[in-house]
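The values are calculated or read from the model by the stated rules, or taken from the named source; none is laboratory data. These numbers were taken from a predicted model, which means no experiment stands behind them. Neighbour counts are summed over all protein chains in view; Cβ atoms, including those assigned to glycine, are modelled from backbone coordinates with ideal geometry.
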Amino acid sequence: MSDVNPFESLRTQIDEAAQYLDVADGELERLKSPERVLEANLSVEMDDGSIEVFRGYRSQFNGDRGPYKGGIRYHPAVTRDEVKALSGWMVYKTATSAVPLGGGKGGIVIDPSEYSESELERITRAFAAELTPLIGADRDVPAPDVNTGQREMNWIKDTYETIENTTEPGVITGKDLSSGGSEGRVEATGRSTVVAAREAFDYLDKDVEHARVAVQGYGNAGWIAAKLVYEMGANVVAVSDSSGAIYGEDTLDPVDVKEYKRETGSVTGYPDADRELTNDELLTLDVDLLIPAALENAIDESLAHDIEADVVSEAANGPITPAADDVLRETDTLVIPDILANAGGVVVSYFEWVQNRQRFYWTRDRVNEELDGKIVDQFWNLVEAYEDRDLPSLRTAAYVVALERVIDAGEQRGTWP
Ligand code: NAD
């Protein structure tokens, strides 16, 4: 998959969704191209006094539905085309979850593990200075992504606020609570994955209580999904991380497994498990719900033939390859696409932005309740589109619904000049 250009993949996906809509060629090209891309060469002084140049990008793909929204990643493999593609996928994610935001993404070509904290701060601030004319609570709102977190977001926010001589916490999301972050943000991705699965069970007339669940990946998204589905009465029969998988016929206790992983660094060797499995064995267990929450492309075409789960809720981004997706469609496996299942992160980022703008902060219960409502509404919207328009899958339905929302917003704005 590594030689596939992600920007070409995005353009193909938009073409595929557009087949189900009446879109003129010029309009389609507009929807397949970022509005603008910043490419900045950042000259930064290193701790030894030398100068190093880092390349940074910010792509603002589409802002018809609101300010551009999307993370900033630090990785040596960042490219202009990757950033453009990721910014386009954010347009779909914000539109599918019906939050009034557009799509953007940024990145710096860097392996952050090779730099000191003070060097990273200078690199981040240099990038933030380049971003300042483009970002803002009403323009473009970055967030953490691969290898960036609250620390980098605080540096960007501080640089922006200093240059602009203002306080504007809504310029960035993913902040710590004390800097204007939102309650419930850490749990949001796992929560949307499980809420969407609960609705899918309802759709299939299945009961969550005593359902058998397997979760691949026990990081932030996976472990929270395991904990929440367990609290709904399901049996979490298998979980895994990069060290391997564990199985408990009746159920594992997700909180206890998390504690064990915290102490030992992995889930394997957990004393109350019945046995250990490989990650592929976990993915092909006969379960009611499978939650891939680790990597992209975890389920390829050959593995897809052996998937026995009735429902797959994609916590990870892109865990099912397109060929595997075709197989799962033929075997009537209900796949809840990542752009809805893991949208909790972006939905609660939206809530964070709303709270920053109101300067009024919500309780955790309110955040969870609003998130639940949004995922429920959008899940049933996708089901309606899937059934009424006879679309091949919920994934296609998500892309069609999202594209339609972006087209509607664009048409109402009109073209100028
Ligand atoms: P994380 O780094 O906290 O956790 C990843 C987990 O996957 C770890 O437990 C790791 O051991 C495990 N893993 C890695 N390789 C594996 C393998 N080969 N087999 C099994 N497990 C393996 O990351 P996360 O934040 O939980 O993100 C997981 C996925 O969810 C990613 O695809 C991410 O893009 C997506 N996602 C996360 C968020 C969020 O808010 N955290 C939001 C949207 C999407």
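Computed quantities for the displayed model
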read-out: Long-range neighbours under 9 Å by Cβ, at least six apart or interchain, first residue more than 9 Å from D288 (Cβ to Cβ) within the range 198-224, second basic (K, R) and within 16 Å of the ligand (Cβ to nearest atom); value: Y218/K258; Y218/K261; W223/K258; W223/K261; I224/R191
read-out: Hits in the range 167-197 (condition: in contact (Cβ under 8 Å) with a residue 40 or more places away in the chain and either in a helix (DSSP H, G or I) or within 11 Å of A341 (Cα to Cα) (or both)); value: P169, G170, A188, T189, G190, R191, S192, T193, V194, V195, A196, A197
read-out: K175, sole failed condition from (1) closer than 25 Å to V367 by Cα; (2) modelled with pLDDT of 95 or more; (3) crowded, with 18+ Cβ neighbours inside 10 Å; value: (2)
read-out: Filtered residue count, the range 148-171, keeping only those that are closer than 19 Å to I110 by Cβ, surrounded by 19 or more Cβ atoms within 10 Å (Cβ to Cβ) and either outside the structural domain of R125 (by TED's automatic domain parsing) or out of contact with any Gly (no Cβ under 6 Å at 6 or more places or on another chain) (or both); value: 5
read-out: Residue list for the range 81-131, filter: of a type in the set (V, I, T) and over 19 Å from L382 (Cβ atoms); value: V83, I108, V109, I110, I123, T124
read-out: Test for L303: is it more than 9 Å from the ligand (Cβ to nearest atom), touching a residue at least 24 places away in the same chain (Cβ under 8 Å) and more than 23 Å from the chain's Cα centre (by Cα); value: no
read-out: Set G88, G106: member being buried (at least 22 other Cβ atoms within 10 Å of the Cβ), in contact with a Leu (Cβ under 8 Å, 6 or more places away or on another chain) and in a helix (DSSP H, G or I); value: G88
read-out: Candidates A294, A273, A298, filtered to the one that is within 13 Å of the ligand (Cβ to nearest atom) and farther than 16 Å from I224 by Cα; value: A298
read-out: Residues being within 16 Å of the ligand (Cβ to nearest atom) and of a type in the set (K, R) - total across the range 322-378; value: 1
read-out: Per-region count, the range 112-166, residues part of a loop (DSSP other than H, G, I, E, B) and away from the ligand (no atom under 16 Å from the Cβ); value: 11
read-out: Residue in the range 206-215 that is within 14 Å of the ligand (Cβ to nearest atom) and over 25 Å from W362 (Cα atoms) present; value: yes
